[in-house]
1. Does Gln104 qualify as being on the phi < 0 side of the Ramachandran plot and polar (S, T, N, Q)?
2. Determine which single condition Pro150 fails, assuming it passes every other condition in (1) crowded, with 21+ Cβ neighbours inside 10 Å; (2) at pLDDT below 95.
3. Among the listed residues Gly4, Gly15, identify the single one that is modelled with pLDDT of 95 or more and not in a helix (DSSP H, G or I).
4. Select, from Gln397, Gln345, the only residue that is within 25 Å of Ile262 (Cβ to Cβ), part of a helix (DSSP H, G or I) and either under 28 Å from the mean Cα position of the chain (by Cα) or outside the structural domain of Phe305 (by TED's automatic domain parsing) (or both).
5. Among (1) crowded, with 21+ Cβ neighbours inside 10 Å; (2) over 16 Å from Phe475 (Cβ atoms); (3) touching a residue at least 60 places away in the same chain (Cβ under 8 Å); (4) not acidic (Asp, Glu), which single condition is Ile498 missing?
6. Taking the stated definitions as given, is Ile159 over 27 Å from Leu115 (Cα atoms), at pLDDT 90 or above and either of a type outside the set (S, T, N, Q) or in contact with an Asp or Glu (Cβ under 7 Å, 6 or more places away or on another chain) (or both)?
7. Using beta carbons and a limit of 9 Å, which pairs, at least six apart or on different chains, have the first residue in segment 165-182 and under 17 Å from Leu197 (Cβ atoms) and the second one at pLDDT below 80 and assigned to a loop (DSSP other than H, G, I, E, B)?
8. Would you check which residues across segment 28-85 are surrounded by fewer than 19 Cβ atoms within 10 Å (Cβ to Cβ) and among the basic types (Lys, Arg) and list them?
Amino acid sequence: MNGGDHVAEVFQAEGVRFVFTLAGGHIAPILVATKQRGIRVIDVRHEANAVFAADATARLSGVPGVAVVTAGPGVTNTLTAIKNAQMAQSPVVLIGGAAATALQGRGALQDIDQLALLRSTVKWQRSVRRVRNIAPTLHEAFYHARSGTPGPVFVELPIDLLYDSALVKQWYGAERGGKTLADKVVKRYLQFHVTRLFADADKIVAQTPRAAKVPMPNTGQVQNAAAKIKNAQRPLLLVGSQAMLDAANVNALAEAVTRLGIPVYLSGMARGLLGRNSVLQYRHKRREALREADVVILAGVPVDFRLDYGNHLARRAFYISANRSRADLTRNRRPNLALHADPAQFLLQLAAQFESSERWSEWKKNLHAREEARNTEIIHQSEQHTRDINPLYLCRQIADALPDNALLVADGGDFVATASYIVSPPAPLTWIDPGAFGTLGVGAGFALGAKLVRPDLEVWLLYGDGAAGFSIAEFDTFVRHKIPVIAVVGNDAGWTQIAREQIEYLHDDVATVLNYSDYNRVAAGFGAKGLRVDDSELIAETLDAARRAAADGSPVLVNAILGKSDFRKGSLSM
């Protein structure tokens, strides 16, 4: 066995089904050994998309996602995606190749201080220096990735740990002759170094993966929260992505939220938790509801820019928060009742304190009236005439076309944010967006990982035209690996979310203008199906054609030519 075999055996033990990569000589033994053990190796066109794909698999399966990249630029290309995973609290294991141990710091190819670069973007990292430490270090990496507040970890594996000892000796010239004293000293040192690298490598004992350490709720605090909620007149529950970390038990979480009967707003990965038609879920006028509520419960929701740093929460409200992160638990606004605990476990235990959800009828009636009024406004705005296609009307048509087994990937600014008001994910874990970092370019990687983990679902990628430019080359990956995703590009020829405020306040559209590019032809050039639509009356049949193409096994991109809309004017986040 070489070092690559040890890596692949850890993958097997940890339940990894997919490894995402872009080929490189520093990591070749890992990829070969992984394939030999029946784990699917998916090679992408940019390392960032390997991490995004790994991130998506982690969110949907609960098993840390794995990306393996080559040294130097292979590692640096992952930085944005790793930071996105950190801020989204996704358990991702990044493995980076590195220069040979004896050559580091001597000008070897792609030799940089990778740990220094990644230190602020991962929760744990190591550089392995001996073959016998590969497996223990990787098991430790998986443990840290999913424990506490989950996040990305990094393990650096130098190339000389991954190949056979005989070949490594040849590289170092340890078998090379030489008559001078200096030659003999170098030879002796290299022989010692290689011996040390491989010492006891044949004595490695298989390890059982460690169970993740998850903070659990305090029973007394749960009872206090239940008492406060039962006495409330206008309680409000916000559920965020962190509550979805236990992917295997999301249906139990949905049942708990329904049993509680509290009006609820869902965000991030929690979208779709209650399906499309829950009478408890609201999507509009959240700020107004928060200011009227007398008890506010945040389950895995940080008080950040999305809640205006706490200003959306009324000061008179009793504020309850459950969060795995101690920092997020008290950031910007200290709760009246703070539970340093898994938010899903909190909601499950809280629901056990309730016998009936038939409460707060007047409060729900008021919220429902506002919800219906806003929906009526959106329908009216979607019917207004624009050049080409009204973006709101396109989103309504997408909503109508989605089957019950759809999964939505969101990658964009204005168009995707518009869609979030209209397009409802049908079930738990059927919506993926970047999270707090707001990263553009996540789309293709997320869609790739999602379709691999859930091949039974129809994966729809909602692209802004700006965002599409980051990862459209991955249509090549979709074609090569037979991944039939459906992408819809909302093409309004601009960075519209930025242009709105920039033009109004600064009276200049510099750097915000794009072309109505033929993204459909780009996808077709990679071997996918490309469709274009610029007529509202043809949207339904175009989306139906896209679904048929995907059902036949082809990835497909719909290039939808949009007119301008001021639906989201004044929505720039800071």
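The values are calculated or read from the model by the stated rules, or taken from the named source; none is laboratory data. Keep in mind that what you see is a predicted model, and the values were worked out from it rather than measured. Glycine also receives a Cβ, built like all others from the backbone with ideal geometry; neighbour counts cover every protein chain displayed.
1. Yes.
2. Failed condition: (2).
3. That would be Gly15, the only listed residue that is modelled with pLDDT of 95 or more and not in a helix (DSSP H, G or I).
4. Checking each option against the conditions leaves just Gln345.
5. (1)
6. Criteria not met by Ile159.
7. These pairs meet every condition: Ala166/Glu175; Val168/Ala174; Lys169/Glu175; Gln170/Arg176.
8. Within segment 28-85, Lys35, Arg37, Arg40, Arg45, Lys83 qualify.
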